[in-house]
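The values are calculated or read from the model by the stated rules, or taken from the named source; none is laboratory data. Worth saying up front: this structure is predicted, and the values here are computed from it rather than measured. Here Cβ is always computed from backbone atoms with ideal geometry, including for glycine, and neighbour counts include all displayed protein chains.
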Amino acid sequence: MADIATPTTPASEPDTTAAVALGTEPDIHGMEPTPGAHDDHGDAHGGGEHGHATSTGLSNNKLAMWMFLGSECLLFGGLISTYMLYRGRHEGSPSPSQLYNIPLTSVSSFVLLMSSLTMVLAVSAAQRHDDRNTTTWLTVTALLGATFVGAQVFEFTEFYHEGLGFTTNLFGSSFFTLTGFHGVHVTVGIIMLMALVGMINRGKIPGNKAEVVEMIGLYWHFVDIVWIIIFTLVYLIPS
Amino acid sequence: MSIDHTIDPPDHAEVTQGVPAPVSEHEHGLTDMGYVKVAVILAVMTGLEVTLSYAGLPGNVFMPALLILMAAKFWTVVSYFMHLKFDNPIFTKLFYSGLFLALFVFTVVLLTFRFFDRS
């Protein structure tokens, strides 16, 4: 009868050495969690109040959000470069410089920029566990976002009356696709903000509330930085 | 105008039983007044961009000035409002890898279509 190898580690002491070497388990000897260090704020290692420590020591949600935003750069990069290629192809419609209403777009850009301020103030309030100010700033952010989308709808309507439709020419197609995609992103952001306000008011945010607000904040700021590029390259630099 | 880099004080003990706790990711950044100052700087830069577009400057001055202002605004929002300046560097690497990959790929696309020859 063959000998059965007996484990060298007692059953009561699980061997974590291999897992640490693979990077799948935190080194419990080097990174011993401090009792009570994350009772209120959720897990500093990113798992939230009921989550797990991660091998990187960082929030997986936050890592995923930054990776998503990095990939969004490729989406908007494609749309912006397509617009740059086709902005001169405006046969059958007024030229971009005749169409663009720079004062209106400047005001809407300013509104979106200020919505980034109110968003960061909401994140700051959430980190202080100040629910009242968090929901107030989130609502103000959503209202500023809605103002921006309203200005964009007005602009699109004006362009349509001036003779520029989605299929009029390549300039129209690339312009409406680029700015429309951005507008959809802002609209999705507004929906997320209002849903977040509702969830905070009902106390239905699972895990680390401040991190949830911060995730939506990252998305909102990204929408703002995309507009910073669109405003300069599309509106201010003439074709 | 100087930006206040004061860190918001944490509302719980950082050190318990002599063992330093890992620094929570959200316990950094500017004060609320610091964020307002950053927003004022961004608003001024936007105003400058719009003013430049009406100033009738020659293209070799106007274009670089607008692109520099755009890059400065982008960097300011990403660094301060999105906290990349204060966060773990891995987030910066993740985001900027996507950004620079996009810049590289679409510069090649524009070069392929001889965009810069026409401009």
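So the values come out like this:
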| read-out | value |
| --- | --- |
| Residue count, segment B:61-118 (criterion: hydroxyl-bearing (Ser, Thr, Tyr) and facing another protein chain (nearest Cβ under 9 Å)) | 5 |
| In segment B:11-60, residue modelled with the lowest pLDDT [restricted to those that are hydroxyl-bearing (Ser, Thr, Tyr) and exposed (fewer than 13 other Cβ atoms within 10 Å of the Cβ)] | B:Tyr54 |
| Filter result (under 14 Å from A:Ile228 (Cα atoms) and at the interface with another protein chain (Cβ under 8 Å from one of its Cβ atoms)) within segment B:48-60 | B:Glu49, B:Val50 |
| Leading residue by the ranking (modelled with the highest pLDDT) among those in segment A:40-66 that are part of a loop (DSSP other than H, G, I, E, B) and of a type in the set (D, E, K, R) | A:Glu49 |
| Count - residues of segment A:197-214 that are within 11 Å of another protein chain (Cβ to nearest Cβ) and either touching a helix residue (DSSP H, G or I) at 6+ places or on another chain (Cβ under 8 Å) or of a type in the set (Gly, Ala, Ser) (or both) | 5 |
| Of the criteria (1) closer than 21 Å to A:Thr147 by Cβ; (2) more than 17 Å from the chain's Cα centre (by Cα), which one A:Leu196 fails | (2) |
| Failed item, numbered, when A:Phe110 is tested on (1) at pLDDT below 50; (2) in contact with a Ser or Thr (Cβ under 7 Å, 6 or more places away or on another chain); (3) on the phi < 0 side of the Ramachandran plot | (1) |
| Subset tally (residues that are over 14 Å from the mean Cα position of the chain (by Cα) and assigned to a helix (DSSP H, G or I)) for segment B:79-92 | 2 |
| Filter result for B:Leu111 (more than 29 Å from A:Asn61 (Cα to Cα), assigned by TED's automatic domain parsing to the domain that holds B:Thr31 and not small (Gly, Ala, Ser)) | no |
| Matching option when the condition is polar (S, T, N, Q), in a helix (DSSP H, G or I) and crowded, with 16+ Cβ neighbours inside 10 Å, among B:Thr107, B:Thr76 | B:Thr76 |
| Single unsatisfied condition, B:Leu94 versus (1) surrounded by 16 or more Cβ atoms within 10 Å (Cβ to Cβ); (2) in the same structural domain as B:Val44 (by TED's automatic domain parsing) | (2) |
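Yes or no, residue by residue, for (1) under 27 Å from B:Ile41 (Cβ atoms); (2) under 17 Å from the mean Cα position of the chain (by Cα); (3) at the interface with chain B (Cβ under 9 Å from one of its Cβ atoms):
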| residue | (1), (2), (3) |
| --- | --- |
| A:Glu72 | yes, yes, yes |
| A:Gly77 | yes, yes, yes |
| A:Ile102 | yes, no, yes |
| A:Arg132 | no, no, no |
| A:Thr147 | yes, no, no |
